[in-house]
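S.K.: Let me give you the structure first, and then I'll get to my questions.
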(Lines give C-alpha, C1' and ligand atoms only; values in the text may rest on other atoms or scores of the structure.)
Protein backbone atom coordinates (compact mmCIF):
# COMPACT_ATOMS: atom_id res chain seq x y z
CA UNK A 1 0.00 0.00 0.00
CA UNK A 2 1.09 3.54 -0.58
CA UNK A 3 1.97 5.87 2.28
CA UNK A 4 -1.07 8.00 1.41
CA UNK A 5 -3.40 4.99 1.56
CA UNK A 6 -1.92 4.03 4.94
CA UNK A 7 -2.42 7.57 6.24
CA UNK A 8 -6.02 7.63 5.02
CA UNK A 9 -6.75 4.32 6.72
CA UNK A 10 -5.20 5.62 9.96
CA UNK A 11 -7.39 8.75 9.83
CA UNK A 12 -10.56 6.70 9.30
CA UNK A 13 -9.64 4.27 12.09
CA UNK A 14 -8.82 7.13 14.46
CA UNK A 15 -12.19 8.82 13.86
CA UNK A 16 -13.97 5.47 14.20
CA UNK A 17 -12.32 4.56 17.50
CA UNK A 18 -12.35 8.08 18.95
CA UNK A 19 -15.16 9.96 17.25
CA UNK A 20 -15.15 13.70 17.77
CA UNK A 21 -18.33 15.43 18.93
CA UNK A 22 -20.12 12.16 19.63
CA UNK A 23 -22.81 13.58 21.91
CA UNK A 24 -26.21 15.22 21.91
CA UNK A 25 -26.60 18.98 22.06
CA UNK A 26 -29.40 19.69 24.50
CA UNK A 27 -31.65 22.52 23.35
CA UNK A 28 -30.04 22.57 19.91
CA UNK A 29 -31.33 24.84 17.18
CA UNK A 30 -32.00 21.97 14.77
CA UNK A 31 -31.52 18.24 14.49
CA UNK A 32 -32.31 15.44 12.06
CA UNK A 33 -32.09 11.68 12.01
CA UNK A 34 -30.66 9.74 9.11
CA UNK A 35 -30.99 6.10 8.20
CA UNK A 36 -29.50 3.92 5.50
CA UNK A 37 -32.06 1.13 5.03
CA UNK A 38 -29.61 -0.98 3.01
CA UNK A 39 -27.05 -1.43 5.76
CA UNK A 40 -28.76 -0.20 8.92
CA UNK A 41 -26.53 2.82 9.61
CA UNK A 42 -28.32 5.36 11.81
CA UNK A 43 -27.16 8.84 12.72
CA UNK A 44 -28.67 11.82 14.48
CA UNK A 45 -27.05 15.18 13.84
CA UNK A 46 -27.44 18.10 16.26
CA UNK A 47 -26.70 21.71 15.29
CA UNK A 48 -26.48 24.83 17.42
CA UNK A 49 -26.74 27.95 15.30
CA UNK A 50 -25.46 31.44 16.06
CA UNK A 51 -27.13 33.51 13.37
CA UNK A 52 -26.13 31.87 10.08
CA UNK A 53 -23.12 30.09 11.60
CA UNK A 54 -22.99 26.55 12.92
CA UNK A 55 -21.46 27.21 16.33
CA UNK A 56 -21.63 23.57 17.43
CA UNK A 57 -22.26 20.33 15.55
CA UNK A 58 -22.47 16.88 17.12
CA UNK A 59 -23.80 13.42 16.30
CA UNK A 60 -24.93 10.18 17.84
CA UNK A 61 -25.81 6.88 16.28
CA UNK A 62 -24.61 3.50 15.24
CA UNK A 63 -23.23 2.19 12.05
CA UNK A 64 -20.19 1.04 10.19
CA UNK A 65 -16.70 2.49 10.55
CA UNK A 66 -17.10 4.61 7.41
CA UNK A 67 -20.36 6.21 8.56
CA UNK A 68 -18.96 6.93 12.03
CA UNK A 69 -15.66 8.33 10.72
CA UNK A 70 -17.45 10.50 8.17
CA UNK A 71 -19.77 11.91 10.84
CA UNK A 72 -16.84 12.61 13.15
CA UNK A 73 -14.84 14.39 10.45
CA UNK A 74 -17.97 16.27 9.31
CA UNK A 75 -18.62 17.74 12.75
CA UNK A 76 -15.08 19.06 12.99
CA UNK A 77 -15.08 20.53 9.49
CA UNK A 78 -18.45 22.27 9.78
CA UNK A 79 -18.22 23.96 13.18
CA UNK A 80 -17.77 27.69 12.81
CA UNK A 81 -18.90 27.75 9.16
CA UNK A 82 -21.95 29.40 7.66
CA UNK A 83 -24.84 27.42 6.24
CA UNK A 84 -23.72 28.34 2.70
CA UNK A 85 -20.16 27.19 3.42
CA UNK A 86 -21.41 23.90 4.88
CA UNK A 87 -23.64 23.19 1.88
CA UNK A 88 -20.74 23.97 -0.45
CA UNK A 89 -18.47 21.68 1.56
CA UNK A 90 -21.08 18.91 1.45
CA UNK A 91 -21.27 19.32 -2.32
CA UNK A 92 -17.47 19.07 -2.63
CA UNK A 93 -17.46 15.87 -0.56
CA UNK A 94 -20.17 14.44 -2.82
CA UNK A 95 -18.17 15.35 -5.94
CA UNK A 96 -15.02 13.85 -4.40
CA UNK A 97 -16.84 10.56 -3.77
CA UNK A 98 -18.78 10.40 -7.03
CA UNK A 99 -16.57 12.35 -9.41
CA UNK A 100 -13.95 11.13 -11.83
CA UNK A 101 -10.98 13.02 -10.39
CA UNK A 102 -8.42 10.79 -8.71
CA UNK A 103 -7.12 13.54 -6.45
CA UNK A 104 -9.32 15.01 -3.69
CA UNK A 105 -9.24 18.79 -3.33
CA UNK A 106 -6.60 19.80 -0.76
CA UNK A 107 -9.05 22.08 1.09
CA UNK A 108 -10.98 19.01 2.27
CA UNK A 109 -8.17 18.10 4.68
CA UNK A 110 -8.84 14.84 6.56
CA UNK A 111 -12.05 14.35 4.58
CA UNK A 112 -9.79 13.30 1.70
CA UNK A 113 -9.38 10.02 3.57
CA UNK A 114 -12.85 9.10 2.31
CA UNK A 115 -11.81 9.47 -1.34
CA UNK A 116 -10.80 5.82 -1.58
CA UNK A 117 -14.48 4.90 -1.31
CA UNK A 118 -14.87 5.65 -5.02
CA UNK A 119 -13.67 2.07 -5.52
CA UNK A 120 -16.54 0.81 -3.33
CA UNK A 121 -19.78 2.46 -4.54
CA UNK A 122 -21.96 0.78 -1.91
CA UNK A 123 -19.88 2.39 0.85
CA UNK A 124 -20.35 5.91 -0.54
CA UNK A 125 -23.86 5.91 0.94
CA UNK A 126 -22.34 5.18 4.34
CA UNK A 127 -20.01 8.17 4.06
CA UNK A 128 -22.72 10.51 2.74
CA UNK A 129 -25.41 9.65 5.33
CA UNK A 130 -24.12 12.12 7.97
CA UNK A 131 -23.86 14.84 5.33
CA UNK A 132 -27.41 14.23 4.05
CA UNK A 133 -28.61 14.31 7.64
CA UNK A 134 -26.82 17.57 8.39
CA UNK A 135 -28.31 19.16 5.27
CA UNK A 136 -31.78 17.91 6.30
CA UNK A 137 -31.35 19.52 9.73
CA UNK A 138 -30.27 22.81 8.16
CA UNK A 139 -33.28 22.68 5.82
CA UNK A 140 -35.67 22.20 8.75
CA UNK A 141 -36.37 18.53 8.03
CA UNK A 142 -36.38 15.92 10.78
CA UNK A 143 -35.15 12.93 8.78
CA UNK A 144 -32.99 11.89 5.87
CA UNK A 145 -32.18 8.67 4.10
CA UNK A 146 -29.01 7.82 2.27
CA UNK A 147 -29.31 8.46 -1.48
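S.K.: Scan 84, 137 and give me the residue that is under 25 Å from residue 51 (Cβ atoms), crowded, with 20+ Cβ neighbours inside 10 Å and more than 12 Å from the chain's Cα centre (by Cα).
M.R.: 137
S.K.: Of all residues in the range 96-106, which are closer than 19 Å to residue 69 by Cβ and surrounded by fewer than 17 Cβ atoms within 10 Å (Cβ to Cβ)?
M.R.: Answer for the range 96-106, where residues must be closer than 19 Å to residue 69 by Cβ and surrounded by fewer than 17 Cβ atoms within 10 Å (Cβ to Cβ): 98, 105.
S.K.: Please list, ordered by first then second residue, the pairs with beta carbon atoms under 6 Å, 6 or more apart or interchain, first in the range 52-65 and buried (at least 21 other Cβ atoms within 10 Å of the Cβ), second modelled with pLDDT of 95 or more and in a strand (DSSP E or B).
M.R.: 54/47; 57/47; 58/46; 59/43; 59/45
S.K.: Name every residue in the range 23-51 that is surrounded by fewer than 19 Cβ atoms within 10 Å (Cβ to Cβ) and modelled with pLDDT of 95 or more, in order of residue number.
M.R.: Correct list: 23, 24, 26, 27, 28, 29, 33, 42, 48, 49, 50, 51.
The values are calculated or read from the model by the stated rules, or taken from the named source; none is laboratory data. It should be emphasised that the depicted structure is a prediction, and the values quoted were computed from it without experimental measurement. Here the Cβ is made from the backbone with ideal geometry for all residues, glycine too, and neighbour counts use every protein chain on show.
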